[in-house]
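Trainee: Let me begin by handing over the structure; questions about it come next.
Quick note: the coordinates plus some simple rules give every number you see, no bench work behind them. These numbers come from a predicted model, not from an experiment. Glycine gets a Cβ as well: all are built from the backbone with ideal geometry, and neighbour counts include every protein chain shown.
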Amino acid sequence: MGWAWCSPEVALIGILRVVEELRIQKPGSIIVINGLLPRSFDRKDGYLHEKRNNNNNIIGIHRKYDGRYNFPSLWNDIKSINQQLEEYSKRHDNVEYFDATDIFLMGDIDIVSEDDLRIDPNLMNDFLHPSHIGYKLWGDQIVLKLQELIHN
């Protein structure tokens, strides 16, 4: 979504197509869908939403792409896709959803204002890819999820 600018609907369809193929190829297996991780085009502070100054001008997003500055925020699309993936998992046997969003954000997502949500730069240096610390924390949580599934 961030480079080819495909729609959230196309991204969701692609993910679910892979899940459906896994369900066909490995019937009876438990499939865990990992939600999309947060990302930010704000290369300075990692805010998930565009920040605006008092003149309502977008600030903090400086990268130029295809002749444009100020990329759109993908956070609402990511949340929508993740919500639909979670709903899909609830409607299908042997499909589980795993959301790692909280791992990568600074502060508590339930307490921090939506406009102030930002990615922890120690866990995603470029605000897109996990750092080695981010991968470690993410992996630890995946292991816990798998242990929960194995013991249930």
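Trainee: Between L105 and residues 5 or more places away or on another chain, which pairs have amide H atoms under 5 Å apart, with H built 1.01 Å from N, and which residues are they?
Mentor: Under 5 Å from the amide H of L105 lie the amide H atoms of D120, each far enough along the sequence or on another chain.
Trainee: Taking amide H positions as placed 1.01 Å from N in the peptide plane, with prolines and chain starts having none, which residues 5 or more places from I33, or on another chain, fall under 5 Å of its amide H?
Mentor: E96, Y97, F98
Trainee: Going by average Cβ neighbours within 10 Å, how do the peptides 5-16, 113-124 rank, with the highest at the top?
Mentor: Going by the mean number of other Cβ atoms within 10 Å, highest first, we get 113-124, 5-16.
Trainee: Each residue of the stretch 105-121 in turn: what ³J(HN,Hα) in whole Hz from Karplus with 6.51, -1.76, 1.60 and θ = phi - 60°, glycine and Pro shown as x?
Mentor: Calculated HN-Hα couplings, in order: 9, 8, x, 8, 4, 7, 10, 6, 4, 3, 5, 9, 5, 8, 7, 6, x Hz.
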